[in-house]
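S.K.: This is the structure I want to talk about, given as structure tokens.
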Amino acid sequence: MKSRFTVALALVVSLAALSGAGASQAPIPTDWPQWRGPNRDGISKETGLLQTWPAKGPAVVWTMSGLGRGYGSIAVKGDRIFVQGLRGRQSYVDSLDRATGKSMWSKNLGAGADNDRGPGPRGTPTVDGDRMYVLTETGVLACMAVADGAIIWQRNILREFGGRNIGWLISESPLVDGDRVVVTPGGRGAGMVALDKMTGKTIWAAKELSDEAGYSSVVIAEVGGVKAYTTITASAGVGVRASDGKVMWRYQEAANNVANITTPVVSGNRIFYTSAYDTGGGLVTLTAQNGELRAAKGYFTRDMQNHHGGVVLVNGTLYGFNNAILTAIDFATGKMLWRDRSVGKGAVTYADNRLYALSENNVMGLAEVTPAGYREVGRFEITDQGFPSWAHPVVSGGRLYIRNQSTLTAYNISISAR
């Protein structure tokens, strides 16, 4: 009996060693249920992904067209993908089969919008259990059933909270936190609001915040037991107490007067805000005092003027585009570590020690992530759809998803693709 057990154990160990030899572990099938991923930070925790790409890029699994115009990214949950788009003059949200890209259902949320920088929705759906929360480019916030798109409740946040649509259209993706959904209507005394996610009823409106909305999305910061919601409005980086909507800080140095787009990066008690248009990025440090959070300025740098593509924080280093130059800076000090032209100005996502950089000029690049310097390990071109390719790339379940206007393409980036 002992000898049989020893042989079986040796066989199991040998097979495990062979399966892992010369490669990472197989991909962890994680979801990407909202804007910038599970934690709203642009980071996937998957492993087992291709570390270099063939000359023509990874293999295409499927391509779906006819989704409608727009710059929003996608949400991936279970066997479904969710994406927004403008078809005709109507704003839609679509559910696709994750395996094949085929349509599962499509829902019209009403009149859409267009402007000089392109038509359609800019936001990404937020999936929460069997419900999904979608904000259109004209201000319709809808709670929908994941299964069939049935509308459970909806509100027009501009009309109901006294806001107005911003120059290049609402671009926010709703935040779901516990029992609430949080958005920024930009109305007087309602710069940010929290609604009951089950009913849509107002929990609070931030009465001290009347900033017009920016193009950013809300994220959570929590220090010393005090939770805050933070974003960058048209005027400043702001922090609002989650319990009652009280404004606890304003940080204006990293905001410009044209378009503040980039989602803040939160790490522990520090937050990094950044914007382009000849501005830059700044770090603030939070401390908890008497049930509130106080923000103190850490540093300001002009070496991270991020336009729209977001920044990611990996092992103490921030990576993102400083205008058109991919740049790495030390998160703690703001010191620039390196810069490279890479694929040109675009958006970044991180997974498995690789930076996925999608240029607005239709080039997808893969680079090794290290504070020592830039080393590109793959690139390929995507089809020009007539507008900049601004939708952020998504990594989920061993696939890379690129949405470019009305087309969504899934690429196999698992090591099993070799």
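A short reminder: the numbers here are calculations on the coordinates, not readings from a lab. Just so you know, these numbers come straight off a predicted model, no measurement behind them. Cβ placement follows ideal geometry from the backbone for every residue including glycine, while neighbour counts extend to all protein chains displayed.
S.K.: Can you sort 249, 338 from fewest to most other Cβ atoms within 10 Å of each residue's own Cβ?
M.R.: So the ranking, lowest neighbour count to highest, is 338, 249.
S.K.: Can you figure out the FRET efficiency of residue 106 with residue 287, using R₀ = 60 Å and their beta-carbon distance, to the nearest 0.05?
M.R.: Working: r = 48 Å, r/R0 = 0.80.
It comes to 0.80.
S.K.: Sticking with this structure for a sec: Holding the Cα-Cα limit at 21 Å, pick out from 227/297; 107/201; 297/335; 102/345; 45/345 the pairs that are longer than that.
M.R.: Values: 227/297 19 Å; 107/201 23 Å; 297/335 16 Å; 102/345 31 Å; 45/345 25 Å.
In this structure, 107/201; 102/345; 45/345 exceed 21 Å between Cα atoms.
S.K.: ³J(HN,Hα) across segment 273-290 via Karplus (A = 6.51, B = -1.76, C = 1.60, θ = phi - 60°), whole Hz, x for Gly/Pro?
M.R.: Result, rounded to whole Hz: 10, 8, 8, 9, 6, 6, 10, x, x, x, 9, 10, 10, 9, 10, 8, 9, 6.
S.K.: Hey, another quick one. Among 282, 401, 343, pick out the residue whose Cα is farthest towards the positive end of the charge dipole of the chain, where Lys and Arg carry +1 and Asp and Glu carry -1 on C-beta, about the Cα centre.
M.R.: Value computed over the given set: 401.
S.K.: Now, a different point. If you take the charge dipole of the chain about its Cα centre, with +1 on Lys and Arg Cβ and -1 on Asp and Glu Cβ, which of 378, 92, 319 is farthest toward its positive end?
M.R.: Selected residue: 378.
S.K.: Now, a different point. With +1 assigned to the C-beta of every Lys and Arg and -1 to the C-beta of every Asp and Glu, and no other charges, what is the dipole magnitude of segment 24-417 about the Cα centre in debye, to the nearest 20?
M.R.: 200
S.K.: When the chain is fully extended, how far beyond the present Cα-Cα distance does residue 383 get from residue 45, taking 0.36 nm per residue of separation?
M.R.: 118.8 nm
S.K.: For an R0 of 35 angstrom, estimate the FRET efficiency from the Cβ-Cβ distance between residue 90 and residue 252 and round to the nearest 0.05.
M.R.: 0.40
S.K.: How high is the FRET efficiency from residue 199 to residue 55, r the C-beta distance, R0 60 Å, rounded to 0.05?
M.R.: According to the calculation, E is roughly 0.65.
S.K.: Report the one residue of 252, 331, 32 whose Cα lies farthest in the direction of the positive end of the charge dipole of segment 24-417 (charges on C-beta: Lys and Arg +1, Asp and Glu -1; origin at the Cα centre).
M.R.: Farthest along the dipole direction, towards plus: 252.
S.K.: Going by C-beta contacts inside 10 Å, put 307, 392 in order with the fewest on the left.
M.R.: Working: 307 22, 392 27.
The fewest-first ordering by Cβ neighbours comes to 307, 392.
S.K.: Tabulate in residue order the Karplus-calculated ³J(HN,Hα) for segment 38-47, using 6.51 cos²θ - 1.76 cosθ + 1.60 with θ = phi - 60°, rounded to whole Hz; enter x for Gly and Pro.
M.R.: x, 10, 6, 10, x, 10, 9, 9, 5, 10
S.K.: Return the distance in nm (one decimal) between the two label points of a simple spin-label model at residue 63 and residue 368, each offset 7 Å from Cα along Cα→Cβ.
M.R.: 3.2
S.K.: If I fit a long axis through the Cα atoms of helix 2-20 and take the longest principal axis of the Cα atoms of the chain, what angle between them do I get, 0 to 90°, rounded to 10?
M.R.: In the chain, helix 2-20 runs at an angle near 60 degrees to the longest axis.
S.K.: Arrange 235, 95, 275 by Cβ neighbour counts within 10 Å, fewest through most, would you?
M.R.: 235, 95, 275
S.K.: Another question, then. Under the Karplus relation 6.51 cos²θ - 1.76 cosθ + 1.60, θ = phi - 60°, what is the ordered set of whole-Hz ³J(HN,Hα) values for segment 109-119, x standing for Gly and Pro?
M.R.: Running phi through 6.51 cos²θ - 1.76 cosθ + 1.60 with θ = phi - 60° gives 9, x, 4, x, 8, 9, 7, 5, 9, x, x Hz.
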